[in-house]
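*Asks:* Before anything else, here's the structure in question.
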Amino acid sequence: MMDRQDRCYKRLDELSHDFRADIDLGQIAAACACAISDFRFPEDDWRAIAPNLARWYERFRRRPSMRATEPSETPFDSEDLHSGKPEPLKQAGGPRRGTAVLKEASS
């Protein structure tokens, strides 16, 4: 699986030279892929494989829309996935950079 990911990042690295100031869906998708890799797989050093993409992403991730939707935590416990439908989330004090606060389960 890592070979496929490495090939994808290498190709995105080549394409990143053509990324323009006018943002398109491809750039948003590339930025989301970089963000989720950083969040879920921080040990994978995609930046070493794709240095041009890394430089582009460091600028792109400063955009307000990216900062507002930055991944930060899983909104429910993984065991909830196997027990049927997860409980709805409750926001505490309004949204905070795309995170949600869980309702505490009383034991």
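Only the coordinates and a few stated rules stand behind these numbers; no lab work does. Remember, it's a predicted structure, so these values are computed and weren't measured experimentally. Virtual Cβ from ideal backbone geometry, glycine too; neighbours counted across all protein chains shown.
*Asks:* Sorted by average packing, counted as other Cβ atoms within 10 angstrom per residue and highest first, what order do 50-61, 16-27, 32-43 take?
*Replies:* By packing density, highest mean first, the sequence is 50-61, 32-43, 16-27.
*Asks:* Something else now. Around ASP3, under 14 Å between beta carbons, what's the net of Lys plus Arg minus Asp minus Glu among the other residues?
*Replies:* Numbers: positive: ARG4, ARG7, LYS10, ARG11; negative: ASP6, ASP44.
Residues near ASP3 contribute +2 overall.
*Asks:* May I ask you to compute the full-extension gain from ASP22 to ARG7, defined as 0.36 nm times their residue separation minus their alpha-carbon distance, rounded to one decimal in nm?
*Replies:* Numbers: separation 15, 0.36 × 15 = 5.40 nm, distance 2.57 nm.
Gain on extension, ASP22 to ARG7, equals 2.8 nm.
*Asks:* I'd like the Karplus ³J(HN,Hα) series for the range 51-64: coefficients 6.51, -1.76, 1.60, θ = phi - 60°, whole numbers in Hz, and an x wherever there's a Gly or Pro.
*Replies:* Once θ is set to phi - 60°, the couplings for the range 51-64 become x, 5, 4, 4, 5, 4, 4, 4, 6, 5, 5, 7, 4, x Hz.
*Asks:* Let me ask another. How large is the Rg to Rh ratio of the range 1-60 when both quantities use alpha carbon positions and Rh follows Kirkwood? Kindly include the intermediate steps, with their values, before the conclusion.
*Replies:* Values: Rg = 10.8 Å, Rh = 11.5 Å.
Ratio of gyration radius to Kirkwood radius: 0.94.
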